[in-house]
Structures are given as C-alpha cells and as structure tokens.
Amino acid sequence: MSGPNIVLEPLMTLHAPIAGAPQRIDETLTIFHSDSGTVEGPRIKGRILAPTADWLRAMPGGSLRVDARMSIATDDGAQIHVQYGGVIGIAPADFPRMAAGETLGPHEMYFVTAPLFQTGDDRYAWLNRTQAIGKAVALKGGDGGYVRYELFAVT
C-alpha cells in the first residue's frame, strides 16, 4: 500500500472581473461582486454569471479570509455552483500598488482557495465528487480589477 500521495490535475483557469464598487460593511468585511468572467479547462468551458461575490474578511494580523460563491454557465448549457474559502496574505506595501491599479502576481501574494462544486447536470456530475485547490496567479485592483486563479482537482 502506498502513502497518501496528493496529485493535482489541471481543472480550469478562472478569470473574474470585479464589478463596480465593493460594499464595505465595516473595517473587517467587504463584499466584492462579479457579474462576468470566464472559466476554461480541459473538461469545462463557460462564463461566470451573477450572482457571484466574495465576502472578504480582514483578520487580526493582516491576512484576509475568502468566502466566495459563484455561478457558472457552461458553453454546453450546464449550470454549476462553486463555493470556496481561502486565505490571502499580501504585504502591506503591496496593497497601495494594487489599489492604484497594478497587477500582483503569484510571487507577490499568498492567495489559496479550496473550491467545491454543485451541479445537477450529469455531464458534470464528476465535479460534485471533486475537491479542488486554487491559487491566484493575478490580482488587479482599481478600475478594471480582476482575480485570476488556476484551479486543480485533488486526486
């Protein structure tokens, strides 16, 4: 019997533009909305639909907690719900750069998520049994802001 090896298989690239101004509830909670975007991978291709949002919480010590919900419509007509939590760590000096519209790359942030999927479409039922892990590869603030993740199925 072999050990508990974890293998990651490419699942999709997810690109989610930030729609409009975020809702700032208080100093610890900001809600970011997205009403468009794309997903593309070896077995899935589609677009992000509203409602999609991230309830981003500022934690003591400066990290951020992701709590996101997303709706996807595949190019072949399936509806998929995605839910994920995660952790973001960005150096304090990089926040103003990002807010001014610069794009941070994966070497400038720790941004990892753990997506789960739900669908009633038999063609994508395999997603209901898939635990994914994602890593942000680009994060842009300000006008034209977006986040781009690479998602992998854990096998």
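Okay, here's what the table says:
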read-out: Criterion: closer than 14 Å to R69 by Cα, touching a residue at least 12 places away in the same chain (Cβ under 8 Å) and surrounded by fewer than 16 Cβ atoms within 10 Å (Cβ to Cβ) - qualifying residue of I18, I31; value: I31
read-out: Enumeration of residues in region 111-122 that are farther than 14 Å from E150 by Cβ and either free of Cβ contacts under 8 Å to residues at least 40 places away in the same chain or assigned to a helix (DSSP H, G or I) (or both); value: L116, F117, Q118, D122
read-out: Region 3-15, subset surrounded by fewer than 17 Cβ atoms within 10 Å (Cβ to Cβ) and not acidic (D, E), residue nearest to G145 (Cα to Cα); value: T13
read-out: So A125, is it assigned to a strand (DSSP E or B) and either surrounded by fewer than 16 Cβ atoms within 10 Å (Cβ to Cβ) or in contact (Cβ under 8 Å) with a residue 24 or more places away in the chain (or both); value: no
read-out: Some residue of region 49-67 being open to solvent by 50 Å² or more (accessible area, probe 1.4 Å) and of a type in the set (S, T, N, Q); value: no
read-out: Strands (runs of 3 or more DSSP E) wholly inside region 1-93 that include at least 2 residues being modelled with pLDDT of 95 or more and of a type in the set (K, R); value: 45-58, 64-74
read-out: Where G41 falls short, out of the listed (1) closer than 27 Å to A99 by Cβ; (2) buried (at least 16 other Cβ atoms within 10 Å of the Cβ); value: (1)
read-out: Of the criteria (1) of a type in the set (V, I, T); (2) open to solvent by less than 10 Å² (accessible area, probe 1.4 Å); (3) within 19 Å of A138 (Cβ to Cβ), which one T74 fails; value: (3)
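The values are calculated or read from the model by the stated rules, or taken from the named source; none is laboratory data. This is a predicted model, so every value here is computed, not measured. Counting neighbours? That spans all protein chains shown, and the Cβs are built from the backbone with ideal geometry, glycine included. The accessibility values were calculated without ligands, DNA or RNA, using every heavy atom of the protein model including side chains. Shrake-Rupley method; radii C 1.70, N 1.55, O 1.52, S 1.80 Å.
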